[in-house]
Amino acid sequence: MLLQVTNLQHLYPVPRGRPQTVLDLPDWSLDEGQQIALTGASGSGKTTLLYILGGLLPPTQGDVHFSGKPLYQLSEARRDRWRARTVGFIFQDFHLLERYTVRENILLGQLFGGSAKRSRIDELLERLDLGEQQDYFPRHLSAGQKQRVAIARALVNQPSLILADEPTGNLDPERARSTTELLLQQAERQGCAVIMASHDPGLCRLFPDNFHLSPTPPKQSLSSS
Ligand SMILES: Nc1ncnc2c1ncn2[C@@H]1O[C@H](COP(=O)(O)OP(=O)(O)OP(=O)(O)O)[C@@H](O)[C@H]1O
Ligand SMILES: [Mg+2]
């Protein structure tokens, strides 16, 4: 088992009101290499859950075990080091560094993880069909190409988990589909688990498993399709 969540609750403070519970997950887990689409209405807590699972947001209650170890018992500095080596993030708006080229963006991701292997970057550029654009700056890329750079950067340190927050929200439907397929294919090749938040039922069908977050806790359900 890669991830296990027990008695997880998250509340956000509300100005002049009682804190709002946005997540209530009594028991949930993810296997190594498992690929899950995370669904749920806007505001149901998908982004919040991805941040908690990636070690970026300590939950109000409960814990997240990663490979059997309690994530939030690590210091913030150790969690940062763990994240750089273990988790790849992909966002809707790419989060590429505009002043660096495609190759440099991927290299920076690699350096954060503590290594610098040129052949690994060459391999990813080829696998994601970015060889010709490797010296381009992000402003010279199409949206689909930018997202492929973000996927390459997320995969570069051989993470065991990719967390993707509506990564194809800025792409047209055809690109969204091919980019999601590429992400799943490349993650599978590296044995990397994927959790991808999406509103698009067509994309969710590409995943072996779906996990639906209900907007009002505690009702949650896990279904396989
Ligand atoms: N930093 C914050 N402070 C207070 N409330 C927050 C904060 N971040 C999110 N929320 C609230 O928590 C709830 C869940 O937000 P979240 O962004 O996780 O939902 P989501 O499922 O990702 O929505 P969407 O599909 O629109 O991206 C929302 O009601 C939101 O207003
Ligand atoms: Mg969100």
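The values are calculated or read from the model by the stated rules, or taken from the named source; none is laboratory data. In this text, all values refer to a predicted model and were calculated from it rather than measured experimentally. Glycine gets a Cβ as well: all are built from the backbone with ideal geometry, and neighbour counts include every protein chain shown.
Couple of notes before you dig in:
- Taking the numbered list (1) more than 16 Å from ligand 2 (Cβ to nearest atom); (2) modelled with pLDDT under 95; (3) not acidic (Asp, Glu) in turn, PRO58 passes all entries but (2).
- Candidate set: region 178-191, residues that are on the phi < 0 side of the Ramachandran plot and in contact with a Ser or Thr (Cβ under 8 Å, 6 or more places away or on another chain); chosen: the one surrounded by the fewest Cβ atoms within 10 Å (Cβ to Cβ): THR179
- Of the listed requirements (1) modelled with pLDDT under 95; (2) in contact with a helix residue (DSSP H, G or I) (Cβ under 8 Å, 6 or more places away or on another chain); (3) within 16 Å of ligand 2 (Cβ to nearest atom), ILE90 misses just one: (1).
- Yes/no for LEU49 being of a type outside the set (Ser, Thr, Tyr), touching a helix residue (DSSP H, G or I) at 6+ places or on another chain (Cβ under 9 Å) and either more than 23 Å from HIS199 (Cα to Cα) or within 16 Å of ligand 2 (Cβ to nearest atom) (or both): no
- Neighbours by Cβ (under 7 Å, 6+ apart or cross-chain): first from region 39-51, free of Cβ contacts under 8 Å to residues at least 40 places away in the same chain; second within 6 Å of ligand 1 (Cβ to nearest atom): THR48/VAL22
- If the condition is being within 16 Å of ligand 1 (Cβ to nearest atom) and either at pLDDT below 95 or touching a Phe, Trp or Tyr at 6+ places or on another chain (Cβ under 6 Å) (or both), then region 140-166 contributes LEU163, ASP165.
- Here the condition is being of a type outside the set (S, T, N, Q), near ligand 1 (Cβ under 8 Å from one of its atoms) and either part of a loop (DSSP other than H, G, I, E, B) or modelled with pLDDT of 95 or more (or both); of GLY43, GLY33, it holds for GLY43 alone.
- Residue among LEU57, LEU50, LEU96 that is hydrophobic (A, V, I, L, M, F, W, C), under 18 Å from the mean Cα position of the chain (by Cα), at negative phi and assigned to a helix (DSSP H, G or I): LEU50
- The numbered conditions (1) assigned to a loop (DSSP other than H, G, I, E, B); (2) within 16 Å of ligand 2 (Cβ to nearest atom); (3) touching a Gly at 6+ places or on another chain (Cβ under 8 Å) are all true for THR168 except (3).
- Selection count, region 110-140, where residues are outside any helix (DSSP H, G or I), within 26 Å of ALA77 (Cα to Cα) and polar (S, T, N, Q): 1
- Taking the criterion of being touching a Phe, Trp or Tyr at 6+ places or on another chain (Cβ under 6 Å) and either of a type in the set (D, E, K, R) or modelled with pLDDT under 95 (or both), the only residue of region 1-21 that qualifies is GLN20.
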